[in-house]
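Asks: To start, I am sharing the structure in question, which I have written as structure tokens.
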Amino acid sequence: MPRITEDTVDSVARLARLSLSGDERARFARELEAILAWADSLQALDTEGVAPLRLTAPGEPLREDAPHAGLPRERALEPAPDPAEGMFRVPRILP
């Protein structure tokens, strides 16, 4: 039984506001199911004794990964077209 169905693809497409044909829904369902199957195959690998990946490129990190103060809410909302009560107001996408 596939985990990704055309209904699943339809739901995601609706959230992303994409219009897909029947052929596209079927193709994406097959492709996403294949991706999940590939990810499942990784679970079967024996990774005992394999060090976690620290960097994807050779060399040292450019900076320490340390927490720091974020952008103040007011500053983050300045470019928002329609802020409301300290939050971003966005169009409703679910019925």
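The values are calculated or read from the model by the stated rules, or taken from the named source; none is laboratory data. Bear in mind that the values here come from a model prediction, so they are computed numbers and not experimental data. Reconstructed Cβ throughout: ideal geometry from the backbone, glycine too, with neighbour counts over all protein chains shown. Keep in mind that these areas ignore ligands, DNA and RNA; they rest on the heavy atoms of the full protein, side chains included. Shrake-Rupley method; radii C 1.70, N 1.55, O 1.52, S 1.80 Å.
Asks: Hey, could you get me the Stokes-Einstein D for the stretch 1-41, Kirkwood radius over alpha-carbon pairs, 10 °C and 1.306 mPa s, rounded to whole µm² s⁻¹?
Replies: For the chosen part, D equals 153 µm²/s.
Asks: If I stretch the segment between Arg75 and Arg27 completely, what's the gain in nm (0.36 nm per residue apart, minus their alpha carbon distance), one decimal?
Replies: 13.0 nm
Asks: Which of the GluC sites (Glu not before Pro) found in the chain are loop residues per DSSP with 11 or fewer other Cβ atoms within 10 Å of their Cβ?
Replies: Those satisfying the criteria are Glu48, Glu64, Glu85.
Asks: Which shape class applies to the chain: rounded if a/c is under 1.5, otherwise prolate when a/b exceeds b/c and oblate if not, where a ≥ b ≥ c are the square roots of the Cα gyration tensor eigenvalues?
Replies: Verdict is oblate for the chain.
Asks: To the nearest 0.05, how large is the calculated FRET efficiency for Leu53 and Val12 if R₀ is 25 Å and r is the Cβ-Cβ distance?
Replies: Step by step, r from the Cβ atoms, then E = 0.30.
Asks: On to the next question. Return the carbon/sulfur percentage of the accessible area of the chain, one whole number, probe 1.4 Å, all protein chains in place.
Replies: That share works out to 59 percent.
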